[in-house]
Structures are given as C-alpha cells and as structure tokens.
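Since the structure comes first, as structure tokens, the remarks are kept for the end.
The values are calculated or read from the model by the stated rules, or taken from the named source; none is laboratory data. Here the structure is a predicted model, which is why all the values come from computation and not from measurement. Backbone-built Cβ (ideal geometry, glycine too); neighbour counts: all protein chains shown.
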C-alpha cells in the first residue's frame with residue numbers, strides 16, 4: 001500500500017511490479033527494503049530497519065506513525081515543487097529590478113561626476129575673479 005501511495009505522487013519513482021503481494025514476513029521485509037532503497041532514497045526519506053521490522057510484525061501504531069511521517073515528507077516535497085515556478089518568477093523580477101537599479105546608480109554616478117566637474121569649474125572661475133580683483 002505504501003508503494004502505491006508513493007507511486008501516486010511520484011509515478012516515476014515506484015514500479016509496482018517490484019513489489020509482490022506478501023503474506024510472509026520475509027517477503028514483506030523484502031518489499032520494504034526495496035521501497036527504502038529505491039523510492040525513499042530518492043525522496044531523501046528513510047525508515048530504519050528496526051522500524052521496518054516493527055511494521056512488518058504489526059507493532060501497534062508504528063505503521064501509522066511512519067505513514068504520517070512519509071505523508072508529511074511528500075507534502076514538503078510537493079510544496080517545494082509547486083513553489084518552484086513562483087520562485088522562478090520572483091527571481092526573474094528581482095533580477096530585472098536589480099538591473100534597473102544598477103542603471104539608476106550608474107546614472108547618479110554620472111550626475112555626481114558632472115556636478116564635481118561643474119564645482120571644479122566654478123571654483124576656478126571664482127579663484128580667477130578673486131585674483132583679478134585683488
């Protein structure tokens with residue numbers, strides 16, 4: 001059942017033919033091992049071997065807890081995947097804004113340079129005027 005849930009959200013991660021219907025403990029452990037090794041690994045999720053053994057022997061509430069953890073992990077991944085287009089748009093807009101701001105800074109630097117030249121020119125005129133009138 002867990003493999004089917006993972007396949008529902010991430011169809012390329014799980015090939016259901018790798019998981020045989022299991023009634024024996026050995027086959028259940030094998031299925032969980034395959035799920036851990038193949039699908040969970042790619043999702044950056046792992047169920048420890050001891051927990052897998054507890055799930056297989058149906059220790060109370062273990063399977064439900066792990067299923068909740070898996071659900072939460074899948075939710076986080078889907079949230080990231082769904083936000084990616086929005087993040088790309090935001091990045092693009094920020095980059096455009098940064099370019100506009102850089103153009104404005106360059107223009108302001110040019111204006112400051114022109115003002116400095118004008119101040120220098122006026123200072124020279126003032127010095128010449130003072131020199132003539134002294």
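For the stretch 3-32, name all the residues that are loosely packed, with under 13 Cβ neighbours inside 10 Å and without any contact (Cβ under 8 Å) to a residue 24 or more places away in the chain.
4, 8, 11, 12, 16, 17, 20, 21, 23, 24, 26
Taking the criterion of being over 30 Å from residue 1 (Cα atoms) and outside any helix (DSSP H, G or I), would at least one residue in the stretch 95-111 satisfy it?
The first filter runs over the stretch 95-111 and keeps only residues over 30 Å from residue 1 (Cα atoms), leaving 95-111.
From the residues that got through so far, the ones that are outside any helix (DSSP H, G or I) too are none.
Among the residues of the stretch 95-111, not one is over 30 Å from residue 1 (Cα atoms) and outside any helix (DSSP H, G or I), which makes the answer no.
Among the numbered conditions (1) outside any helix (DSSP H, G or I); (2) touching a helix residue (DSSP H, G or I) at 6+ places or on another chain (Cβ under 7 Å); (3) at pLDDT 80 or above, tell me where residue 13 comes up short.
The number of the failed condition is (3).
So that you can scan it fast, the table gives a plain yes or no per residue for (1) under 17 Å from residue 4 (Cα atoms); (2) part of a loop (DSSP other than H, G, I, E, B):
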position	(1), (2)
37	yes, no
47	yes, yes
51	no, no
58	no, yes
66	yes, no
71	yes, no
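Pairs needed: first member in the stretch 52-70, surrounded by fewer than 14 Cβ atoms within 10 Å (Cβ to Cβ); second member anywhere, part of a helix (DSSP H, G or I) and at pLDDT 70 or above; C-beta distance under 8 Å; at least 6 residues apart or different chains.
Here the result reads 57/25, each pair linking the stretch 52-70 to a residue that is part of a helix (DSSP H, G or I) and at pLDDT 70 or above.
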